[in-house]
């Protein structure tokens with residue numbers, strides 16, 4: 001996991017995840033999925049399927065922008081569904097690594 005520290009109120013562009021369809025975050029209130037397309041485009045949806053409406057998030061150039069980062073945004077962000085990078089080793093076995101996860105903190 002890659003840590004990034006930001007300031008309260010800072011504009012944060014999640015450019016590491018530019019071009020994904022969904023972004024998962026694990027925050028203090030639970031797991032949420034941000035939608036870049038479809039019915040919930042531009043919003044987070046919680047584990048119960050409830051859309052979290054907020055004007056603090058926007059899509060810009062295919063990436064999530066948090067206009068003013070708050071303590072409620074602190075957590076781990078990753079592409080959803082989780083991307084797994086597989087490699088075939090010379091001995092015929094396989095190695096696998098999960099995709100990028102970033103921990104944003106204040």
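The values are calculated or read from the model by the stated rules, or taken from the named source; none is laboratory data. Because the structure is a prediction, the values reported are computed rather than measured. Cβ coordinates were reconstructed from backbone atoms using ideal geometry, including for glycine residues, and neighbour counts include every protein chain displayed.
Could you list, in sequence order, all residues of region 16-36 that are part of a loop (DSSP other than H, G, I, E, B) and within 17 Å of residue 83 (Cβ to Cβ)?
Filtering region 16-36 down to residues part of a loop (DSSP other than H, G, I, E, B) leaves 18-21, 28-29, 36.
18, 19, 20, 21, 36, listed by residue number.
Out of (1) within 23 Å of residue 6 (Cα to Cα); (2) under 13 Å from the mean Cα position of the chain (by Cα); (3) surrounded by fewer than 18 Cβ atoms within 10 Å (Cβ to Cβ), the odd one out for residue 64 is which?
Residue 64 satisfies all of (1) within 23 Å of residue 6 (Cα to Cα); (2) under 13 Å from the mean Cα position of the chain (by Cα); (3) surrounded by fewer than 18 Cβ atoms within 10 Å (Cβ to Cβ) except (3).
Please determine whether any residue of region 16-36 is more than 12 Å from the chain's Cα centre (by Cα) and surrounded by 14 or more Cβ atoms within 10 Å (Cβ to Cβ).
No; the residues of region 16-36 include none that is more than 12 Å from the chain's Cα centre (by Cα) and surrounded by 14 or more Cβ atoms within 10 Å (Cβ to Cβ).
Suppose we filter region 68-81 for residues that are assigned to a loop (DSSP other than H, G, I, E, B) and either over 19 Å from residue 20 (Cα atoms) or without any contact (Cβ under 8 Å) to a residue 24 or more places away in the chain (or both); how many remain?
The first filter runs over region 68-81 and keeps only residues assigned to a loop (DSSP other than H, G, I, E, B), leaving 68-70, 74, 80-81.
Then drop every residue that is not either over 19 Å from residue 20 (Cα atoms) or without any contact (Cβ under 8 Å) to a residue 24 or more places away in the chain (or both), which leaves 68-70, 74.
Qualifying residue count for the region: 4.
Taking region 73-97, which residues are within 14 Å of the chain's Cα centre (by Cα) and either under 18 Å from residue 7 (Cβ atoms) or exposed (fewer than 15 other Cβ atoms within 10 Å of the Cβ) (or both)?
The initial filter retains those residues of region 73-97 that are within 14 Å of the chain's Cα centre (by Cα), namely 73-83.
Passing the criteria: 73, 74, 75, 77, 81, 82, 83.
Could you grab me the full set of residues in region 40-55 that are in a loop (DSSP other than H, G, I, E, B), at pLDDT 95 or above and exposed (fewer than 13 other Cβ atoms within 10 Å of the Cβ)?
Once the filter is applied, which keeps residues that are in a loop (DSSP other than H, G, I, E, B), at pLDDT 95 or above and exposed (fewer than 13 other Cβ atoms within 10 Å of the Cβ), region 40-55 yields 47, 48, 49, 50, 55.
Quick check, is residue 8 surrounded by 11 or more Cβ atoms within 10 Å (Cβ to Cβ) and in contact (Cβ under 8 Å) with a residue 60 or more places away in the chain?
Details: surrounded by 11 or more Cβ atoms within 10 Å (Cβ to Cβ): yes; in contact (Cβ under 8 Å) with a residue 60 or more places away in the chain: yes.
Against the criterion (surrounded by 11 or more Cβ atoms within 10 Å (Cβ to Cβ) and in contact (Cβ under 8 Å) with a residue 60 or more places away in the chain), residue 8 qualifies.
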